[in-house]
Structures are given as structure tokens and as C-alpha cells.
Amino acid sequence: MRARWLPVLLLGLAGVLPARARELWKSTDGSKVLEGHAFYKTYASELFLPQSLVDVTEAMKSLGVPNVAVVPKAVGLATQSLRGWGRFVDGPWELDAGWELSAVASTTAGLLPTASLSAVPSATAGPAASRRLVDFDPILYQAGGLTLAQNLDLLAVKRTLPFGTLTIGRQVLSWGTGAFWNPTDLLSPFAPTDIDREVRHGVDAARLAIALGAVSELDLLWLPQKKLRNQGGVARVVTNVHDFDVSVSLAKYMRDVVGGADFAGDLGPISIHGEAAWTEPLDSGAGFLRAVAGGQWMPTDKTTLLAEYYFNGFGATAASGYLTKMEDPRETSGQISGAGRHYLGLSASYAASDLVSISGSTLVNLQDPSAILVPLVEWWFEQSVIFRAGGFLSVGRGADAHVFDGLDAADVSANDAAFHSAVTTLGLRSEYGITPFGVFIEVGLYL
């Protein structure tokens, strides 16, 4: 990380007091409780983009392809985030609210962090699918490489009923048992490359959770959208069978119908899990299966090993089809991760002490093959301050700029077959081979 980000980190830390979760108020009889929590996080990274990706964008720029900017060889990013959330309980009623303010600075205008580490230049990427009925404009200010954004990610009222609970509003809904990938989680999935997984941002929904017994529950959800054709809903049953947690779900999300199931339990010393989802598009296209299977083993009290296989039936069977998948709304919205078909996720962690842990994870695209490695160190100070440091290391064949050899402005104007083939593949030869590598540091303080 370059020294120019050090003042940003220090400036952010200077005005923040040590933080801890706390109860703000409680009535005399204890029936009413107000809780408040907050955190401040400062994050900085230096990313280096593969030279092959720079060469591809330079080739496109020289041909006069519209809406293409040359990818920089390196980019610095700095993020300051402040989030507060609270809960008020009054007997059977509960109100939850959370709001986040963030400032993101980039040394390159327009190149800001996304849900994926892939950095494929494109002017045709589809809009992200909305998970909310109404919302504030997330962008408060934007100029050059600076963006100030807001996110009202939680605002829901919950009522406890004799047979369950009813929750209406913006709420966090997350399902599935996968460690890296969650095929059944359509609403608040993390990308497998996400480092900080503390906050899942809420979606607008009405949820009725009905208790079916001591270990079973039925979830019924309505997912409202402005367009009638995009209205959605979910029915999900959770139970326990022979000490295995099992769930089955059927969902209509945007323009897809998705049936899913997952399980988690122990086989001797190994904890195993799996989940699968079949997606049937309502508009066009063939249905596809996505599935995960994995296991976790603790050879010692301080060491944890995990392995997970992911089949992505939505992905392309060859690298030449990756760009089309990356630009699909299911990918750009974060609903699906991965442009290929077969993946392996591996992780190992060691608890050096109660406050310090060292871990490393690897995502492998088996059909390229290519991989991304993420080493990470976490250190807690008095359980109110966390320090994270790590990096990204990508391995794989880069893009091939030679696909643009022999083309000229006439090919661009005519959009002939040779140019169309080049611009729709970008000469990609692997997925993680076009992923940036670099280092990052994060400090979080909790109130």
C-alpha cells in the first residue's frame, strides 16, 4: 500500500472514540428496551491490474471502440464507513433500524470497489436487480474519484404472535449452508471474495415465520416490486432430521422461479454441508442447477480446515463465454457468483490466541484453471477494535490482446464478425487471470 493512504487512515481514526455495544435505556419493569450499536471502519488498499487487461483496453481504445477507458496499471482505494443501528422492544413489538454512510476515494475516477474482484471493462453491463420497493438515492455526492454514499439498510417492525412472528419492512434475510457460495440465497448473498462479512444489507419484504414445532419452522415471504410481473415470494420449511438441519424452499424472484434445499450436520469429526438450487427463467433461457458440497474439520482446538466444491450450471463452459456471463443481470446484481462451471474453495485458519487469528483462503476455477489466494490476519484489541490486513494474489492466464490484431476502424463501424467476436470475448483465457492482485488494511472501532 502506498504511503499516500496513510494520512487518510490516521485522519479517520483520530476522531473516533473506543466503541462497545450497549443498552441505552430500559424501563423499570424491563418490558421496554432500547439498544444502540455503531461502528466506524477505515479501509485502504492498493490493487495492481494484470498487464494483459491493460493491453486489451489499450487495443480497444486505439481502434476507437466507444465508451472504453484504458484500465490503469494500479489503483488506490480508501473507504471510510460509519454505521449505526438500534433496536427498540416494547413487549411483543420490536423496531429495528440501521443506516450507513460511506466515503470512497479512488485514484482512478470511475474505478470503485464492487461485489467482485474482477475488473472487466464494459459499457454494456446490465442494471443490478433491485431488492427494494423504494429507497433513497444512494449517491449523496460524486466527483472525480470521490463518492459519498448512504444506505438505509434496515428499517423493520416485528410483532410476536402466538404462533410465530410477523416482520414488515427492510430486513436481513439470509439462507443456505455454503461457506463460499450460497445457491439458495437470492436476497443477501456475499461474494466468495468478500473479506468483511459483518453486515448483510436488508431487502424490502413481509415475512411470516410460523413455528411448526420445537425444531421446525415455516417461512412465508412477500417480496414487493413496483412492476407487477416482478413481484416475488418465498415459501421455506426448516426442520431437523436425524441431527441434520434441513430446509426446502420454493421462490419466485424477479423473473426466475427457484427451488432449493440445503443441509448441515456432523459425520464423526467432520461437519458437512450442502445446498442446491434449480432456477427456471420465466422469460427466456434454459433452466440451470447450482450446487455446493463441503466439509469442515478441526484437527486441533486452534486449527480449522474447510473445503467446498461448487457447480455453477449458469456459468460458461469455456473462457470465451465468460464476459457474457459477467454482464448478465444475475451476475451484476450479486445473485450469482462465478462465470465458469466448476469451482473449489479451500480455507485454513489458526487461532494464535483469543484475539489473534491467521487464515488463508483459495478459490479455484477448475476448468481454466485459475485461482485467487487471500491471506488474512485479524487482531482484536479489547474486543472493541479490530485490525485486518491481507492481500489478493491471482494466478491464471490473462486476456489475449491479439484477438484485436488485424482489425481497424472499419471493422468497428461495421461491427463485423471478427470485431464482434473480439469485443464479446476480450480474449479471456481464465477467470481469475484478469483479477487484480494487491494488499489491503482495515481498522474497525465498535460503539
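The values are calculated or read from the model by the stated rules, or taken from the named source; none is laboratory data. Small disclaimer: the values here were computed from a predicted structure and weren't measured. All Cβ positions, even for glycine, are placed from backbone atoms using ideal geometry, and neighbour counts span all protein chains on display.
Scan the range 218-244 for residues that are in contact (Cβ under 8 Å) with a residue 60 or more places away in the chain and among the charged types (D, E, K, R) and the total you get is 2. Quick one: is A251 touching a Phe, Trp or Tyr at 6+ places or on another chain (Cβ under 6 Å), closer than 16 Å to R131 by Cα, assigned to a strand (DSSP E or B) and among the hydrophobic types (A, V, I, L, M, F, W, C)? Answer is no for this residue. Considering L306, L344, the condition of being without any contact (Cβ under 8 Å) to a residue 40 or more places away in the chain and under 23 Å from R197 (Cβ atoms) is satisfied by L344 alone. Taking residues in the range 396-411 that are more than 14 Å from L49 (Cα to Cα) and modelled with pLDDT under 90, and partners anywhere that are in a loop (DSSP other than H, G, I, E, B) and among the small types (G, A, S), the pairs with Cβ atoms closer than 6 Å and at least 6 places apart or on different chains are A409/G64. When T332, T304, T300 are checked against the criterion of being in contact with a Gly (Cβ under 8 Å, 6 or more places away or on another chain) and among the polar types (S, T, N, Q), T332 stands alone in meeting it. Contact map, the range 42-60: residues that are touching a residue at least 12 places away in the same chain (Cβ under 8 Å) paired with residues that are among the polar types (S, T, N, Q), Cβ distance under 7 Å, separation 6+ or inter-chain. Pairs shown: T42/Q80; Y43/T79. Got at least one residue in the range 228-236 being among the basic types (K, R), surrounded by fewer than 13 Cβ atoms within 10 Å (Cβ to Cβ), modelled with pLDDT under 95 and farther than 20 Å from T177 by Cβ? For the range 228-236, residues among the basic types (K, R), surrounded by fewer than 13 Cβ atoms within 10 Å (Cβ to Cβ), modelled with pLDDT under 95 and farther than 20 Å from T177 by Cβ: present.
Apart from one condition, D55 fits all of (1) surrounded by 17 or more Cβ atoms within 10 Å (Cβ to Cβ); (2) within 26 Å of the chain's Cα centre (by Cα); the exception is (2).
Here is a yes/no grid of residues against (1) over 28 Å from I372 (Cα atoms); (2) buried (at least 18 other Cβ atoms within 10 Å of the Cβ):
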residue	(1), (2)
P138	yes, no
Y141	yes, no
G145	no, yes
P162	yes, no
Q171	yes, yes
T177	no, yes
D185	no, yes
L208	yes, no
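Scanning the range 179-217 for residues that are free of Cβ contacts under 8 Å to residues at least 60 places away in the same chain, in a loop (DSSP other than H, G, I, E, B) and small (G, A, S) gives S188, G213, A214, S216. On the basis of being closer than 15 Å to A59 by Cβ, among the hydrophobic types (A, V, I, L, M, F, W, C) and outside any helix (DSSP H, G or I), does L407 make the cut? So L407 passes the test.
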